[in-house]
Amino acid sequence: MTASSVPVPQTAGDGVMVRADAVSRKLGGLQVLDGVSIEVRTGEVVCFIGPSGAGKTTFLRTVNHLEGLDSGTLTVNGRVIGYRQERGRQVEESQKEIAKQRQEIGFVFQHFNLYPHMTAAENVWHGPARVKGVPRDEAKQRAMELLTRVGLADKADAHPINLSGGQQQRVAIARALAMRPVLMLFDEPTSALDPEMVGEVLAVMRELAEENMTMLVVTHEMGFAREVADRVVIMDAGRIVEVGPPDQVFNAPQSERTRDFLSKVL
Amino acid sequence: MHDVLASGLQFDSDFFWQSLLHPTRPFLRGLWRTVYISVIAQAAAVVLGLGIAQMRRSRLGVWRGIAGFYIWIIRGTPLLVQLIIVYNGLAAVGVYSFSDVSIGRLTFPGVIQAAVITLAVNESAYMAEIIRAGIESVHKGQTEAALAGGMTNRQAMRWIILPQALRFIVPPLGNNFNSMMKTTSILSVIGVDELFLNAQAVSSTTFRTFEVFIAAALYYLLLTTVWSVVQTWIEGRLNADVGLVRPPSLLQRLFGGGRATPPTDTLAVAAPEAR
């Protein structure tokens, strides 16, 4: 996995935001992840594509430890996620520590998973106020700013049930951003949306990318990947089969499996 | 008494209205006991039940086993038998004998302590299953969203899961509380001076059994009706919490009320099932 040819902004440390090293995971007797290694640099947007069952979503979920690892290591911003060394062995971190690590990693779900018993605004400020202890007024003000940014200031007092799918997903993005993450993970953020709502969500994501947010995006939106991604990762059967800038991957794929997959979806 | 039985219908309406509209002091005291015993026992049962529900959901088999065993025993034996074991049985074998406790000017008779504890323990087994079912009815994505947002399991339960589970818990809880208020009548067997025992006392001195018990029945009906109103209000609040307005009306609730908005449907809209 060579680094991208696209210039990315340099920040603290070695400029690497996510480093996966031989990440493996078995679920229900199936090797869902089979030695996945990749480095994602700060500010980079990496799209993960591939057939269903390839392990894209599972990989994304290991990055914030919603899914554990059987072997390999995963670091975000230089910190090992979910595990610590104890007498030479990897043991799972305490719940509290894992929760802390997750606070700086935003996650956007396919099915939004907004909290239905809270308004849009409360969905956004709840985390900062309750989990991080930001003063409530400050958290509420920032929630309004974020809702304005995703174009939903007028829906602040609406409950998720009264929002469209596209609006719910934009609130979900605002909710993740409210925690001031250093990394955003998107798990098929537009797959559950009606076609006419895909654009509004992608527009918000594109804007985020332009602001140099580091983003890992599992998606079937080839247009988005081609246009916004710095690199595209093709996965199949729990492995990365090809990585490269979108131009190269889409126009001159190196691997037979990439060609096979692209011929079916493009 | 013989001529009363011999002379056909002997409904003493004066006595009936007297009992209903001008209840005696002991009768009112009995009614009050029925209310507070039910409320305290139900509240304690919810707290206990929440703990047992969490044990049932524990990752450790030991906890699950203990909770399962508790529920099996409690739900598998009659309340009446449990009452007598706790109040009379424990004293008979010299394990524990309930005695009056005074806190300031309030006195809690031993028999009422035994009654509240037994009702609470009995009800907790049912509440545990209701609460567990409620928690498990909340979409799995909600826990994931909470954890991904940096909450610990405990925070996720407190802020995200339980508030939503309430929508599933309140309707069956309300049913159980309705039963609880009526079930307090069996406390008379250990001598708790509540509504039923009072009615029985009056009936055995006046022989106006029918009038007295119709009046008592109406008082039980009053209690359960008031509770229906309260429950409807709570459910309306919970619906408003998820942005639904249109709680079932009181008439719907009391007389053949279907629920206007079943919780499962509404949550499915907010969080569609994966695949």
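For the subset of the range A:59-103 comprising residues that are in contact with a strand residue (DSSP E or B) (Cβ under 7 Å, 6 or more places away or on another chain) and in contact (Cβ under 8 Å) with a residue 60 or more places away in the chain, which member is surrounded by the fewest Cβ atoms within 10 Å (Cβ to Cβ)?
A:77
Just to be sure before I move on: is residue A:227 farther than 11 Å from residue A:49 by Cβ, more than 14 Å from the chain's Cα centre (by Cα) and of a type outside the set (Ser, Thr, Tyr) in the structure I sent? I'd like the intermediate steps shown before the answer.
Working: farther than 11 Å from residue A:49 by Cβ: yes; more than 14 Å from the chain's Cα centre (by Cα): yes; of a type outside the set (Ser, Thr, Tyr): yes.
In short, yes.
Matching residues to (1) hydrophobic (A, V, I, L, M, F, W, C); (2) part of a loop (DSSP other than H, G, I, E, B):
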position: A:122; (1), (2): no, no
position: A:138; (1), (2): no, no
position: A:143; (1), (2): yes, no
position: A:176; (1), (2): yes, no
position: A:191; (1), (2): no, yes
position: A:201; (1), (2): yes, no
position: A:207; (1), (2): no, no
position: A:227; (1), (2): no, no
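What's the number of the condition residue A:52 fails, among (1) crowded, with 20+ Cβ neighbours inside 10 Å; (2) closer than 19 Å to residue A:225 by Cβ; (3) of a type outside the set (D, E, K, R)?
(1)
Can you tell which of A:35, A:53 is part of a strand (DSSP E or B) and not aromatic (Phe, Trp, Tyr)? Walk me through how you get there before you give the answer.
Numbers: A:53 fails: part of a strand (DSSP E or B).
After applying the criteria, what remains is A:35.
For the range B:87-204, give me every one of the helices (runs of 4 or more DSSP H) that falls completely inside it and has 1 or more residues that are crowded, with 20+ Cβ neighbours inside 10 Å and at pLDDT below 95. Walk me through it before giving the result.
Details: elements: B:110-137, B:140-148, B:162-183.
Here the list reads B:110-137, B:162-183.
Could you please give the count of residues in the range A:126-155 that are in contact (Cβ under 8 Å) with a residue 12 or more places away in the chain, buried (at least 19 other Cβ atoms within 10 Å of the Cβ) and either farther than 19 Å from residue B:152 by Cβ or of a type in the set (A, V, I, L, M) (or both)?
Of the residues in that region, 9 qualify.
Residue by residue, here is whether (1) within 14 Å of chain B (Cβ to nearest Cβ); (2) at pLDDT 95 or above; (3) under 16 Å from residue A:111 (Cα atoms); (4) surrounded by 15 or more Cβ atoms within 10 Å (Cβ to Cβ) holds:
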{"residue": "A:178", "(1), (2), (3), (4)": "yes, yes, no, yes"}
{"residue": "A:181", "(1), (2), (3), (4)": "yes, yes, no, yes"}
{"residue": "A:187", "(1), (2), (3), (4)": "yes, yes, yes, yes"}
{"residue": "A:193", "(1), (2), (3), (4)": "yes, no, yes, yes"}
{"residue": "A:196", "(1), (2), (3), (4)": "no, no, no, no"}
{"residue": "A:213", "(1), (2), (3), (4)": "no, yes, no, yes"}
{"residue": "A:216", "(1), (2), (3), (4)": "yes, yes, no, yes"}
{"residue": "A:227", "(1), (2), (3), (4)": "no, no, no, no"}
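Before we move on, is residue B:152 within 8 Å of chain A (Cβ to nearest Cβ) and among the β-branched types (Val, Ile, Thr)?
On the way: within 8 Å of chain A (Cβ to nearest Cβ): yes; among the β-branched types (Val, Ile, Thr): yes.
In short, yes.
Counting only residues that are within 9 Å of the chain's Cα centre (by Cα) and among the aliphatic types (A, V, I, L, M), how many does the range A:184-199 have?
Going through the range A:184-199 one residue at a time, the tally reaches 2.
Of the residues A:138, A:122, only one is of a type in the set (D, E, K, R), more than 17 Å from the chain's Cα centre (by Cα) and more than 14 Å from chain B (Cβ to nearest Cβ); which?
Values: A:122 fails: more than 14 Å from chain B (Cβ to nearest Cβ).
None of the other options fit; the residue is A:138.
May I ask you to say which residue of B:163, B:171 is in contact (Cβ under 8 Å) with a residue 60 or more places away in the chain and within 14 Å of chain A (Cβ to nearest Cβ)? First the steps, then the outcome.
Details: B:171 fails: within 14 Å of chain A (Cβ to nearest Cβ).
The match here is B:163.
The values are calculated or read from the model by the stated rules, or taken from the named source; none is laboratory data. These figures come from a predicted structure and were not determined experimentally. FYI the Cβ positions are ideal-geometry reconstructions off the backbone, even for glycines, and counts take in every protein chain you see.
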